[in-house]
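Peer 1: Quick one: structure below, then a few questions.
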Amino acid sequence: MTVAPAAASTALADRTQKIALAALIAGAIGIAFSPIFVRLSEVGPTATAFWRVAIAVPALWVWMSMRPPGSSPGRARKPQGLRDAVRLCTAGLFFAGDLVAWHWSIAFTSVANSTLLANFAPIFVTLACWLLFKETFSRTFVLGLALAILGAVVLMGQSVNLGMNHLFGDGLGMLTAVFYAGYILSVGRLRAEFSTATIMTWSSLTTAVAVLPAVLVSGESLIPGSAYGWGILLGLALFSHVGGQSLIAYALAHLPPAFSSVSLLVQPAAAAVIAWVLLGEPLGPWQAAGASVMLAGILFARRGSR
């Protein structure tokens, strides 16, 4: 018995979405290691952010160049003209803003405050999709979004200390979320036309160029003092950025940006577990409860996105 074309197409789409969701979660876990690399780095946080993308660019360029002319799938094409270059570079500028705002916020507020506020990106992605692209969302999705954000608050709540005395740093943390929302939306739309390798190469190169002046202004040392320091930066660039961020970019071609941004909230939960295993940082009952609520929110958001 032959399978109807419509049924076969639906089955293929479901399978593609499952693969994309797995890639998204794997990418989130990959970038969850980045705070560990930053913690172990021998250079400052802004310099570490620069090397994260600068070291990644050659590997991404090789990946992009491995595809011979004419072998790209239908959805992927090569950049042509100034308009394509500007669009690809815009994603990199959003990511540069995300990195610089987050690292500078740490200087004016606590790491917990900065991390929590930076994870409010799904709110801005959802609002942008609603206001700019006229997308509508089910009540189930909105409930999932609210639960996921609540889970993030509970997960990091014991370390958060919001107040007027570090309002500037908290504002930068919120700005981080806005920039990352812009990055997610940009990559999601670019993936309709360009390959993951093309987007990652162009955006990473742009990010490196944009972040370098911030490093020079910060006065941080740019060069690690040992081979160990270079090894940490290499791990951050190849594992978290080339690996984790590329998996996220791949997934954004097949999943709605709003749902993807909610799913990326698995990152702080994964980071807490990784810090517990590798750094011996305690994982208390409130953190476990927050992670559970967050995962429930992601499941609701998934159900509400179908």
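The values are calculated or read from the model by the stated rules, or taken from the named source; none is laboratory data. The model shown is predicted, which means the values in this text are computed figures rather than measured ones. Note that each Cβ is placed from the backbone with ideal geometry, even for glycine, and that neighbours are counted across all protein chains shown. Protein only, heavy atoms only, side chains kept; ligands, DNA and RNA dropped before computing areas. Shrake-Rupley method; radii C 1.70, N 1.55, O 1.52, S 1.80 Å.
Peer 1: How big is the charge dipole of the chain about its Cα centre, in debye rounded to the nearest 20, if each Lys and Arg gets +1 on its Cβ and each Asp and Glu gets -1 on its Cβ?
Peer 2: Details: 17 positive and 9 negative charges, 213 e Å.
Its charge dipole is roughly 1020 debye.
Peer 1: Test of understanding: express the Cα radius of gyration of the stretch 125-239 as a ratio to 2.2 N^0.38 Å, with N the residue count. Mind dumping the intermediate values first?
Peer 2: On the way: Rg = 18.7 Å, N = 115, 2.2 N^0.38 = 13.4 Å.
For the stretch 125-239, the normalised Cα radius of gyration comes out at 1.40.
Peer 1: Now for a different question. Return the whole-Å distance between the Cα centroid of the stretch 83-125 and the Cα centroid of the stretch 235-306.
Peer 2: 16
Peer 1: Let me ask you something else. Which of 255, 216, 205 moves the most in a Gaussian network model of the chain with Cα springs under 10 Å?
Peer 2: Looking only at 255, 216, 205, the biggest GNM fluctuation is shown by 216.
Peer 1: Next up: From the phi of every residue in the stretch 191-198, what ³J(HN,Hα) in whole Hz does the Karplus formula 6.51 cos²θ - 1.76 cosθ + 1.60 yield, where θ is phi - 60° and glycine or proline is x?
Peer 2: Working through the residues one at a time gives 5, 6, 10, 10, 6, 4, 4, 5 Hz.
Peer 1: Next question. Using the Karplus equation 6.51 cos²θ - 1.76 cosθ + 1.60 (θ = phi - 60°), what ³J(HN,Hα) coupling, rounded to whole Hz, does each residue of the stretch 59-66 give in order, writing x for Gly and Pro?
Peer 2: 3J(HN,Hα) across the stretch 59-66, in whole Hz: 5, 5, 5, 4, 4, 5, 7, 5.
Peer 1: Loop only per DSSP, at most 11 neighbouring Cβ atoms within 10 Å: give me the trypsin sites (Lys or Arg not before Pro) in the stretch 77-135, ordered by residue number. Numbers along the way, then the final one.
Peer 2: Values: sites: 77, 83, 87, 134; in loops: 77, 134.
Here the sparse-neighbourhood loop sites are 134.
Peer 1: OK, next. Just to compare against my own numbers: the Cα pair-distance distribution for the chain, 10 Å bins, whole % per bin, please.
Peer 2: Taking all Cα pairs of the chain, the binned fractions are 6, 26, 36, 23, 7, 1, 0, 0 percent.
Peer 1: State the percentage of accessible surface on the chain attributable to carbon and sulfur atoms; use a 1.4 Å probe and exclude ligands, DNA and RNA.
Peer 2: Numbers: 10230 of 14490 Å².
About 71 percent, which is the carbon plus sulfur part of the accessible surface.
Peer 1: Oh, and also: Only residues of the stretch 14-57 count here: report those whose backbone N is under 15 Å from the spot 7 Å along Cα→Cβ of residue 228, or say none.
Peer 2: 37-43
Peer 1: Using helices alone, I'd like the mean residue ellipticity at 222 nm for the chain: each DSSP H run of four-plus residues gives -39500 (n - 2.57), total over residue count, nearest 500.
Peer 2: Working: 15 runs with 223 residues, N = 306.
Result for the chain, helices only: -24000 deg cm²/dmol.
Peer 1: Work through the residues other than residue 262 whose Cβ is under 12 Å from its Cβ and net out their charges, Lys, Arg +1 and Asp, Glu -1.
Peer 2: Values: positive: 302, 303; negative: none.
Net local charge, residue 262 excluded: +2.
Peer 1: With the radius of gyration and the Kirkwood radius both derived from the Cα set of the stretch 175-306, what is their ratio Rg to Rh?
Peer 2: On the way: Rg = 17.4 Å, Rh = 17.3 Å.
Here the Rg-to-Rh quotient is 1.01.
Peer 1: What is the set of long-range amide H partners of residue 42 at a cut-off below 5 Å, with H atoms built 1.01 Å from backbone N?
Peer 2: Counting only residues 5 or more places away or on other chains, the set is empty.
Peer 1: Name the residue farthest towards the positive end of the dipole of the chain from the options 13, 252, 124, assuming +1 on Cβ of Lys and Arg, -1 on Cβ of Asp and Glu, about the Cα centre.
Peer 2: Working it through, the farthest residue towards the positive pole turns out to be 13.
Peer 1: Right, another one. How much accessible area per residue does the chain have, in Å², with a 1.4 Å probe? If you can, show how the numbers build up before the last one.
Peer 2: Numbers: 14490 Å² over 306 residues.
Here the residues of the chain average 47 Å² of exposed surface.
Peer 1: Starting from the Cα of residue 143, step 7 Å along the direction of its Cβ; do the same at residue 108; then give the gap between the two resulting points in nm.
Peer 2: 3.9
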